[in-house]
Amino acid sequence: MAADAQHPLDLFGIDGLLSADDRDMRDTVRAFLDAEVRPHVPGWFEAGSVPVRELAPRFGELGLLGMHLEGYGCAGTSATAYGLACAELEAVDSGIRSLVSVQGSLAMFAIHHFGSEEQKQEWLPRMAAGEAIGCFGLTEPDFGSNPAGMRTRARRDGDDWVLDGSKMWITNGSVADVAVVWARTDDSDGSTVRGFVVPTDTPGFSAPEITGKLSLRASVTAELVLEGVRLPASAMLPEARGLSGPLSCLSEARFGIVFGALGAARDALEVTIAYTQDREIFDKPLAGYQITQTKLADMTLELGKGMLLALHLGALKDAGTLRPEQVSLGKLNSCREAIAIARECRTLLGANGIALEYSPMRHANNLESVLTYEGTSEVHQLVVGQALTGLPAFR
Amino acid sequence: MNIVVCVKYVPDAQSDRSFNEADNTTDREGVEGLLSELDEYAVEEALKIAEAGEGEVTVVTVGPEQAVNAVKKALQMGAHKAVHVSDEAIHGSDAAATSLILAEAVKKAAGDGTPDLVITGMSSTDGVMGVVPAMLAERLGLPQVTYASELTLHGDKVSIRRDGDAASETIESTLPALVSVTDQINEPRYPSFKGIMAAKKKPVETWSLADLGVDAGRVGLDAAWTKVTSFAKRPPREQGQLVTDEGDGGTKLAEFLSAQKFL
């Protein structure tokens, strides 16, 4: 980088908006990932596999897993610190951030928020340490944006529950020790959605890995198959009744994505700025051309605006006033702009941009998933639309 | 066991380091600083000892205002308390003066006595003299056991392994003692989030020369035995020699290395 060149986010004075603790935690995550994880990611992406079992204990040592939850071995950081950590993780790869999101914001959050004391004691400390891996089963093959239509059933048999059905696109599914599975119950007091804490060694549970992905290749994705999975009554999450349970978990994970997607965009932009300064075309660096600079300026502007929105949402969450439709604003903006930035970066890299050596196209491919999971951009547009008009327009 | 670790706040070796134009001392203003990486090994070793038994780790640094960040990092890693010696008069101190200040600070930190163990890094990453540990041991009247690649405590003794070019030595000393450690001794931990949040509540004392009873005339640039009289930026590296492989690449490479006396 030229001596008088500034980092994109420094233009916005982002660091000055962070508390010392949040900044120190971000810097620690960045230093750890740069040394221990980043060098391996292109290889994992190419191989389509990631050593989740080796990474999780290292993440646990730092305190990354369930970091913004209180007690049970969790670090209890601010929500903003969690967001910043997600940005660092996703600056490395969306798949690595997904691992942490699913563990902390989906599986651990569900148990922490809706679980019995016994469930919390049994699972949370081990999950915080990365000794136990969790996954979260809501989406089904035919029910993504419409989880209410789920076909997975929990049937009462004496005191036990028996689960049948399947779940799709489950991050960490085939490496998990425990799955939080959402199912429709046919209970005496009516049909509703309940959550179950399912040890993955329970007979009838299987999790075949999904292969052939063109996105999130450095992430484990599986289907969950439940065939007569018999669970004791104590396996049900007592405090969650109806879809609001799993949806509140998704809101947690989306909050992390608001920051995370921007991390991917930041990395793509950093790589691209460095490349254009170094790459000579005709008789001068690519960075010295007006077309390059207008692209870089526009991308930086969107990155910085997105980060300012993310930090604002972080402040609202830390104040305890963040509403789900506000998370939708952030998720919609971050994913949409991040994927646009990553793709634009690829154009500046020319033919080299398709090589694994450069991160932008890997980020762009990953962001196709991030744009879609945890609520598609279209669903978030409709959440915002409903907030503006009072009229739900989902169906 | 009471352990004192002496650490230094240095300019980040990754950034463009330079000297202060006014007095030819290390420029600490125009560059990011951090806990010297070689001192992280000393902090880590102290923490391992403390965690294996009963122990308290105190971190001591001497340096300008922002040097407190070095001990803060050590507190985030898990050290229990910290001392920052800061005084205008210290600016420009050489190794001899630094060891004098450190010696008084170590004694005061140990309640006007001697800690069971003083641990340091093998050298700073800016000055790179590597003499302060020995000078400090001399001033404290402690056995100096330097360049430890392994450290073992048994009873009131400490033994270390020192790896030389020709042989590895095992050296034993009675406690209290001063041990300097190399970058081979352990893998320093990253501060955990809990550690970062807990560090804020840990005590950091700031002492002046007067607090230590050190005469300001014995330290600082004017008292230094050696001075930097001038400096010049290293010229930018020239482009290397490109060897085109026309079937004889290996031979050409060997010829080049031989000409440079590498072979």
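The values are calculated or read from the model by the stated rules, or taken from the named source; none is laboratory data. Not measured: the values here are computed from a predicted model. So basically every Cβ, Gly included, is an ideal-geometry build from the backbone, and we count neighbours across all protein chains shown. Ligands, DNA and RNA are stripped out before the accessible areas are found, and what is left, the full protein with its side chains, is counted by its heavy atoms. Shrake-Rupley method; radii C 1.70, N 1.55, O 1.52, S 1.80 Å.
Considering only DSSP beta bridges whose two residues both sit in the stretch A:134-241, what percent are antiparallel, to the nearest 5?
80 percent
Please go through the residue pairs B:Lys72/B:Lys107; B:Lys48/B:Lys72; A:Lys295/B:Lys233 and name each one whose alpha carbons sit more than 29 Å apart in this structure.
Numbers: B:Lys72/B:Lys107 21 Å; B:Lys48/B:Lys72 18 Å; A:Lys295/B:Lys233 36 Å.
Exceeds cut-off: A:Lys295/B:Lys233.
List the aspartates and glutamates whose Cα lies under 16 Å from the Cα of B:Lys227, skipping any in the same chain that are fewer than 8 positions away.
Qualifying aspartates and glutamates at Cα under 16 Å: B:Glu21, B:Asp23, B:Asp27, B:Asp94, B:Asp126.
Could you grab the Rg to Rh ratio for the stretch A:240-395? Cα atoms only, Kirkwood for Rh.
Working: Rg = 17.9 Å, Rh = 16.7 Å.
On the Cα set of the stretch A:240-395, Rg over Rh gives 1.07.
Can you pull the mean other chain C-beta count within 10 Å for peptide B:191-203?
6
Tally Lys/Arg at +1 and Asp/Glu at -1 over every other residue whose Cβ is under 14 Å from the Cβ of A:Ile291; what's the total? Don't skip to the answer; put the middle values down first.
Details: positive: A:Arg279, A:Lys284, A:Lys295; negative: A:Asp298, A:Glu344.
For residues surrounding A:Ile291, the net value is +1.
Report the label-to-label distance for A:Thr389 and B:Ala134 in nanometres (one decimal), using points 7 Å from each Cα along the Cα→Cβ vector.
Once both label points are built, they end up 8.1 nm from each other.
Once the other residues with Cβ under 13 Å from the Cβ of A:Leu316 are scored (Lys, Arg +1; Asp, Glu -1), what is the net sum?
That sum, taken over residues with Cβ under 13 Å, equals 0.
Specify whether the C-alpha gyration tensor of the stretch B:2-223 places it in the rounded, prolate or oblate class, a ≥ b ≥ c being the square roots of the eigenvalues: rounded for a/c under 1.5, otherwise prolate if a/b is larger than b/c and oblate if not.
Since a/c stays below 1.5, the shape of the stretch B:2-223 is classed as rounded.
Express in whole angstrom the spacing between the alpha-carbon centres of the stretch A:311-330 and the stretch A:142-181.
With the stretch A:311-330 and the stretch A:142-181 each reduced to a Cα centre, they are spaced 29 Å.
Express as a percent, rounded to the nearest 5, the fraction of DSSP beta bridges in the protein assembly as shown (both residues included) that run antiparallel.
60 percent
Enumerate the residues in the stretch B:86-100 having an amide nitrogen under 20 Å from the point lying 7 Å beyond the Cα of B:Ala210 toward its Cβ.
Backbone N within reach: B:86-91.
Rounded, prolate or oblate: which fits the stretch A:1-95 when a ≥ b ≥ c are the square roots of the eigenvalues of the alpha-carbon gyration tensor, with rounded for a/c under 1.5 and prolate only if a/b beats b/c?
Values: a/c = 2.52, a/b = 1.12, b/c = 2.25.
It comes out oblate by the Cα gyration axes.
For the stretch B:91-179, what class follows from the C-alpha gyration tensor (a ≥ b ≥ c being the square roots of its eigenvalues): rounded when a/c is under 1.5, otherwise prolate if a/b is larger than b/c, else oblate?
oblate
Show which lysines lie in cross-link reach of B:Lys261 when reach means a straight Cα distance below 21 angstrom and same-chain residues fewer than eight apart are skipped.
Straight-line reach from B:Lys261, under 21 Å: B:Lys252.
Could you check what % of the DSSP bridge pairs in chain B are antiparallel, to the nearest 5?
35 percent
If you wrap a convex hull around the C-alpha atoms of the stretch A:159-289 and split its volume per residue, what is the figure in Å³?
139 Å³
Can you list residues whose amide H is under 5 Å from B:Thr146's amide H, if they're 5+ apart or on another chain and H is modeled 1.01 Å from N?
B:Ser180
Using Cα pairs closer than 8 Å and at least 6 residues apart in sequence, work out the relative contact order for chain A, in percent.
18 percent
Take the Cα of A:Leu243, step 7 Å along the line toward its Cβ, and report every residue of the stretch A:331-375 whose backbone nitrogen sits under 20 Å from that point.
It comes to A:331-332, A:372-375, nothing else.
For A:Ile281, list long-range residues whose amide hydrogen, built 1.01 Å from N in the peptide plane, is under 5 Å from its own amide hydrogen.
Residues meeting the criterion, in which the H sits 1.01 Å from N, are A:Leu286.
Given R₀ = 51 Å, FRET efficiency for B:His91-A:Thr376 by Cβ-Cβ distance, to 0.05?
That gives a FRET efficiency of 0.25.
At 222 nm, what value in deg cm²/dmol follows for chain A if DSSP H runs of at least 4 each add -39500 (n - 2.57) and the sum is divided by all its residues, to the nearest 500?
That calculation yields -16000 deg cm²/dmol at 222 nm.
Below 8 Å between Cα atoms, with a sequence gap of 6+, how large is the relative contact order for the stretch B:2-223 in percent?
Once divided by the residue count of the stretch B:2-223, the mean separation gives 26 percent.
In whole percent, how big is the carbon plus sulfur part of the accessible area of the stretch B:2-223, probe 1.4 Å, protein atoms only?
The computed percentage sits at 45.
List the aspartates and glutamates whose alpha-carbon lies under 17 Å from that of A:Lys213, not counting same-chain residues fewer than 8 positions away?
A:Lys213 reaches A:Glu46, A:Asp93, A:Glu223, A:Glu368.
Using only helices, what value at 222 nm comes out for chain B when you add -39,500 (n - 2.57) per DSSP H run of length 4 or more and divide by the total residues, to the nearest 500 deg cm²/dmol?
Per the formula, -8000 deg cm²/dmol.
Taking K and R as +1 and D and E as -1, what net charge do the other residues with C-beta under 11 Å from the C-beta of B:Gln66 add up to?
Details: positive: B:Arg28, B:Lys72; negative: B:Glu29, B:Glu32, B:Glu65.
For residues surrounding B:Gln66, the net value is -1.
Once you've got the Cα coordinates, tell me which of A:Lys120/B:Lys201; A:Lys305/B:Lys81; A:Lys317/B:Lys194; A:Lys317/B:Lys201 are over 30 Å apart.
A:Lys305/B:Lys81
Counting protein heavy atoms only and a 1.4 angstrom probe, how many square angstrom of accessible surface do chains A and B bury in total, to the nearest 100?
1200 Å²
Using the alpha-carbon centroid of each, what span in Å lies between the stretch B:30-79 and the stretch A:53-108?
Their Cα centres are 26 Å away from one another.
In nm, to one decimal, how far is the B:Phe262 label point from the A:Glu368 one, both placed 7 Å along Cα→Cβ?
In this crude spin-label approximation the distance works out to 4.4 nm.
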